[in-house]
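> Here it is, the structure, as structure tokens.
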Amino acid sequence: MKAKEIILPGEMIQKREGKKLGSYVYEENDNVYSKVIGLTKITENEISVIPLSGIYLPKIGDDIVGIIKEVEISGWTVDINSPYLAFLPLAEGVAEFVDTSRTDISKYFDIGDKIYCRISKVTKNKVVQVSMRDRDSKKLKEGIVLQITPSKIPRIIGKGGSMISLIKSSTKCDVIPGQNGIVWVRGDQKAKALETILTIEKESHTTGLTEKIQKMLEK
């Protein structure tokens with residue numbers, strides 16, 4: 001697979017050369033063009049574009065909710081709700097020394113586990129690394145995750161954390177919103193918390209939203 005590059009609508013990606021046309025592309029005279037602003041995705045058999053609108057592009061210092069995708073020899077591959085996967089090195093995930101020749105590191109984090117972590121490195125080629133060394137980082141036990149548009153996370157949090165505090169206090173749920181658009185929720189009234197979060201995402205542009213959410217949570 002070729003490295004992903006940002007491309008504009010109408011910009012030529014490459015010659016088709018017999019490849020399958022994937023999402024958000026079109027062909028003219030055997031040339032393949034993008035329909036949207038996005039990231040090119042070129043494999044051996046297909047040419048497509050991943051739209052930039054609504055996706056998460058990792059930045060150093062972002063606090064995110066990730067899901068363990070693979071257990072490697074020296075760490076873990078993490079799904080961060082982005083076109084790019086991240087890597088959690090063993091030294092950044094576990095404080096103690098671990099002899100990997102004798103220890104199965106899946107006892108710390110296994111496939112499907114959810115973690116609250118921080119983006120610690122993003123290279124020019126979009127190699128992403130995360131860390132659990134921040135004091136707020138932790139393994140998120142039980143609970144469920146909800147995926148929303150990453151740009152709506154600040155509205156979920158609210159000014160000075162007002163909105164997220166309102167959701168937590170009204171539903172008695174633990175709620176952790178990641179800057180990557182993944183929100184983790186745990187508690188008996190999680191259905192109510194999830195409904196509230198989805199309402200905020202849908203109506204984030206409207207006025208009087210805080211009052212509406214307060215009335216919704218009082219029901």
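> So what's the convex hull volume per residue for the Cα atoms of the stretch 153-208, in Å³?
On the way: hull volume 4.2 nm³, N = 56.
Cα-based convex hull of the stretch 153-208, divided per residue, equals 76 Å³.
> Computed FRET efficiency, Cβ-Cβ of Arg16 and Asn125, R0 22 Å: what is it to the nearest 0.05?
Details: r = 26 Å, r/R0 = 1.17.
Calculated transfer efficiency: 0.30.
> For the stretch 126-154 and the stretch 192-219, write down the distance between their C-alpha centroids in whole Å.
22
> Further, regarding this structure: What's the center-to-center distance, using Cα atoms, between the stretch 13-27 and the stretch 70-124 in Å?
Between the Cα centre of the stretch 13-27 and that of the stretch 70-124, the gap is 35 Å.
> What does a probe at Ile111 reach in the stretch 59-82, counting residues whose amide N is under 19 Å from the point 7 Å along Cα→Cβ?
Inside the label zone: 66-81.
> Given contacts defined as C-alpha pairs under 8 Å and at least six residues apart, what's the relative contact order of the chain, whole-number percent? Each step should come with its number before you reach the end.
Details: 448 pairs, mean separation 33.0, N = 219.
Value for the chain: 15 percent.
> With Cα Rg over 2.2 N^0.38 Å as the read-out, I listed (1) 1.05; (2) 1.19; (3) 1.31; which label goes with the value calculated from this structure?
Recomputing Cα Rg over 2.2 N^0.38 Å here gives the entry labelled (2).
> Expected output is a single nm value to one decimal: the length gained when fully extending between Arg186 and Ser169, i.e. 0.36 nm times separation in residues minus the C-alpha distance. What is it? Working shown, then result.
Working: separation 17, 0.36 × 17 = 6.12 nm, distance 1.29 nm.
4.8 nm is the gain from fully extending Arg186 to Ser169.
> Any idea what the relative contact order of the stretch 18-121 is, in percent, if you count C-alpha pairs under 8 Å spaced at least 6 apart?
Numbers: 170 pairs, mean separation 25.5, N = 104.
Across the stretch 18-121, relative contact order equals 24 percent.
> Distance cut-off 28 Å, Cα to Cα: go down the list Lys41/Lys168; Lys59/Lys192; Lys19/Lys59; Lys15/Lys124 and report the pairs above it.
Values: Lys41/Lys168 39 Å; Lys59/Lys192 31 Å; Lys19/Lys59 33 Å; Lys15/Lys124 26 Å.
Violating the 28 Å Cα-Cα cut-off are Lys41/Lys168; Lys59/Lys192; Lys19/Lys59.
> I've got another one for you. With a point put 7 Å past each Cα toward its Cβ, work out how far Lys215 is from Arg102 in nm, to one decimal.
That separation, rounded to one decimal, is 6.5 nm.
> Please compute the modelled spin-label separation between Leu8 and Ala95, points set 7 Å along Cα→Cβ, answer in nm with one decimal.
Roughly 5.0 nm, to one decimal.
> Now a separate question. With springs only between Cα atoms under 10 Å apart, run a GNM on the chain and tell me which of Glu27, Glu44, Glu11 wobbles the most.
In this elastic network of the chain, the residue with the biggest mean-square fluctuation among Glu27, Glu44, Glu11 is Glu44.
> Follow-up question, since we're still on this one. List, largest first, the extents of the alpha carbons of the stretch 63-140 along their principal axes, each in whole Å.
34, 25, 20
> What are the semi-axes of the equivalent ellipsoid of the stretch 1-92, taken as the square roots of 5 times the eigenvalues of the Cα gyration tensor, listed largest first and rounded to whole Å? It would help to have the intermediate numbers written out before the result.
Working: eigenvalues 194, 46, 16 Å².
Each semi-axis is √(5λ); the values are 31, 15, 9 Å.
> Just to verify a number: FRET efficiency for Glu44 and Ser74, C-beta to C-beta distance, R0 = 35 Å, to 0.05?
0.80
> Now for a separate question. Full-extension gain between Asn29 and Thr199, please, as 0.36 nm times their residue separation minus the C-alpha to C-alpha distance. Working shown, then result.
Details: separation 170, 0.36 × 170 = 61.20 nm, distance 4.52 nm.
Contour length minus the Cα-Cα distance gives 56.7 nm.
Just so you know, all these numbers are worked out from the coordinates, no wet-lab data involved. Just so you know, these numbers come straight off a predicted model, no measurement behind them. No Cβ is skipped: glycine too gets one built from the backbone with ideal geometry, and neighbour counts run over all protein chains shown.
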